[in-house]
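What follows is calculated from the coordinates using simple rules that are stated; it is not laboratory data. On a predicted model such as this, the values are computed, not experimentally measured, just so you know. Glycine gets a Cβ as well: all are built from the backbone with ideal geometry, and neighbour counts include every protein chain shown.
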């Protein structure tokens with residue numbers, strides 16, 4: 001592999017979808033993630049179902065548990081190249 005090509009975004013995901021995708025990739029149930037992140041299960045279910053917005057404190061708790069940056073959960077559609085060119 002002599003040449004590296006960065007991945008390109010092919011789909012847009014919401015904050016709730018990003019939480020669900022990372023949770024499933026790590027093999028966690030909603031109950032397990034809620035317990036580990038210190039959130040009520042009902043709150044996590046509502047976030048994943050897009051019935052409740054993901055607030056910054058929830059994003060930080062979930063990010064610590066899912067071992068990612070809170071911005072990856074709270075702002076999954078952020079395009080740094082586009083924003084820095086503005």
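Look at segment 1-28 and say how many of its residues are touching a helix residue (DSSP H, G or I) at 6+ places or on another chain (Cβ under 8 Å) and either free of Cβ contacts under 8 Å to residues at least 60 places away in the same chain or in a loop (DSSP other than H, G, I, E, B) (or both).
10
Could you check segment 44-60 and list, in sequence order, the residues that are buried (at least 19 other Cβ atoms within 10 Å of the Cβ) and in a helix (DSSP H, G or I)?
44, 47, 48, 58, 59
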